[in-house]
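Asker: There's a structure below that I have some questions on.
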Amino acid sequence: MARQPPKYELLPEEKTKEMLKLFKGERTGFVLVGPKKFFFPSQYIEQGNGFYNFEIRPDDTWILSYPRSGTTVTQELIWLLANDLNFEKARTHFLAERFPFFEFSLFNHPELTREFLSINKGDTAKQQLCLQIAKPGYEVLAKMPSPRFIKSHFPFSMLPGILDVGCKVI
């Protein structure tokens, strides 16, 4: 049975105009989520339920952190330790492939994705990358084999029940 994700409200119009000047990648607006009013791009409206009801697995490893707090180096270290120091695979596969950022799609507005596709016209590899990073993390991760490694900056109140199934949380 699907759980109800935290409720959201639209950011007031005047504040939205101000924020759109600062956050050039967002084109629609922003929402305030849950009782603590966490600030997210408007894609949360369409994707929030998918994140909140993502099917977790007991062998998932999650890194939960604040942005700009050493997450990337922690991801790399954890992945290498869990994969017998497989430096060759680490060298040949992007960290984002090995350790996806759960909610990254929220920051890829569809208009921005279309602009990136246009800029990279003629370069199929770059266009595929643009399309891949725009996919919601819950869709990408659902197709990945176990064990999965997942990065998130979501607060606990917006995550699926990761502690309920015994996931590793760092």
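The values are calculated or read from the model by the stated rules, or taken from the named source; none is laboratory data. Here the structure is a predicted model, which means the values were calculated and not measured. Note that each Cβ is placed from the backbone with ideal geometry, even for glycine, and that neighbours are counted across all protein chains shown. Accessible surface areas use protein heavy atoms only, side chains included; no ligands, DNA or RNA. Shrake-Rupley method; radii C 1.70, N 1.55, O 1.52, S 1.80 Å.
Asker: In whole Å, what three semi-axes, largest first, describe the equivalent ellipsoid of the range 104-170 built from its Cα gyration tensor (square root of 5 times each eigenvalue)?
Answerer: Working: eigenvalues 178, 39, 12 Å².
Over the Cα atoms of the range 104-170, the ellipsoid semi-axes are 30, 14, 8 Å.
Asker: If you don't mind, another one. According to a simple spin-label model (label point 7 Å from Cα along Cα-to-Cβ), what is the distance in nm between Lys143 and Glu9?
Answerer: My value for the distance between the label points is 3.8 nm.
Asker: Name the residue farthest towards the positive end of the dipole of the range 1-87 from the options Thr61, Leu20, Phe51, assuming +1 on Cβ of Lys and Arg, -1 on Cβ of Asp and Glu, about the Cα centre.
Answerer: Toward the positive end, the furthest listed residue is Leu20.
Asker: Something else: With an 8 Å Cα cut-off and a minimum separation of 6 or more residues, compute the relative contact order for the chain in percent.
Answerer: On the way: 216 pairs, mean separation 55.5, N = 170.
Once divided by the residue count of the chain, the mean separation gives 33 percent.
Asker: Could you give the size of the charge dipole of the chain about its Cα centre, using +1 on the Cβ of each K and R and -1 on the Cβ of each D and E, expressed in debye and rounded to the nearest 20?
Answerer: Using Cβ point charges on Lys, Arg, Asp and Glu, the chain gives about 200 debye.
Asker: When the helices in the chain are scored as -39500 (n - 2.57) per DSSP H run of 4 or longer and the sum is shared across all residues, what 222 nm value do you end up with, to the nearest 500 deg cm²/dmol? Please list the in-between numbers first.
Answerer: Details: 8 runs with 68 residues, N = 170.
Result for the chain: -11000 deg cm²/dmol, rounded to the nearest 500.
Asker: Let me ask you something else. Stretch Ser118-Ala82 to full length: gain in nm at 0.36 nm per residue minus the Cα-Cα span?
Answerer: On the way: separation 36, 0.36 × 36 = 12.96 nm, distance 3.86 nm.
That pair, Ser118 and Ala82, stretches by 9.1 nm at full extension.
Asker: State to the nearest 20 debye the size of the charge dipole of the range 101-170 about its Cα centre, where the only charges are +1 on K and R beta carbons and -1 on D and E beta carbons. Walk me through the intermediate numbers first.
Answerer: Values: 8 positive and 6 negative charges, 44 e Å.
Dipole size: approximately 220 debye.
Asker: What nm distance separates the two modelled labels at Leu129 and Tyr66, each placed 7 Å from Cα along Cα→Cβ?
Answerer: Here the modelled spin labels are 3.1 nm apart.
Asker: Quick check for you: with a 1.4 Å probe and neighbouring chains kept, what is the accessible area per residue of the range 1-153, in Å²? Intermediate results must be reported in sequence, preceding the final value.
Answerer: On the way: 9650 Å² over 153 residues.
Per residue, the range 1-153 has 63 Å² of solvent-accessible surface.
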